[in-house]
């Protein structure tokens, strides 16, 4: 099983994991770390290291919120010392996909699955609705 670590600004990673667990149930080998407003990059690094160590060497995928932010940059620095796969731009559909696919996937296979899922995870609802006949009731969605 691939361990999954979420790293974000503020409480986004924790909220994302809590929401995924509400949908999918409790998850093992997962952790969420957030950069608090008063945290230094060094404090964030310590939090990330503790989370990675809690996986006890399990193959890992780290998911960050945005490219080039402090959480992203800290994870990139740690990739010199720890072995994990790193993707950025996480959202709930991609996290759910990662959680349901990780039992039978290596971090590399899981990363590829997520990268292929990106177009389905982000959709233009207006364009999709424009191609459908008008619903009689919005509950049809």
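Bear in mind that the values in this text are calculations on the coordinates, not laboratory data. The model shown is predicted, which means the values in this text are computed figures rather than measured ones. Reconstructed Cβ throughout: ideal geometry from the backbone, glycine too, with neighbour counts over all protein chains shown.
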Practice prompt. Return the FRET efficiency for the residue pair residue 80, residue 101: r is the Cβ-Cβ distance, R0 is 30 Å, and the value is rounded to the nearest 0.05.
Written response: 0.65
Response to the item:
Least to most buried among 28, 18, by other C-beta atoms within 10 Å and fewest first, runs 28, 18
Worksheet entry | Once the Cα gyration tensor of region 24-79 is diagonalised, semi-axes √(5λ) in Å | 20, 13, 12
Worksheet item: If one takes the longest principal axis of the Cα atoms in the chain, at what angle in degrees, from 0 to 90 and to the nearest 10, does the Cα axis of helix 92-101 lie?
Response: 70
Worksheet, complete the sentence: Relative to the chain, whose Cα atoms define the longest principal axis, helix 12-24 and its Cα axis are tilted in degrees, nearest 10, by 60
Practice prompt. Would you mind giving the average projected area, over all directions, of the Cα convex hull of the chain in nm² with one decimal?
Written response: 10.0
Fill in: Per-residue [θ]222 nm for the chain (sum of -39500 (n - 2.57) over DSSP H runs n ≥ 4, rounded to 500)
-14500 deg cm²/dmol
Item to complete: Please report the relative contact order for the chain, taking Cα pairs under 8 Å with a sequence separation of at least 6, and give it as a percent rounded to a whole number.
Response: 27
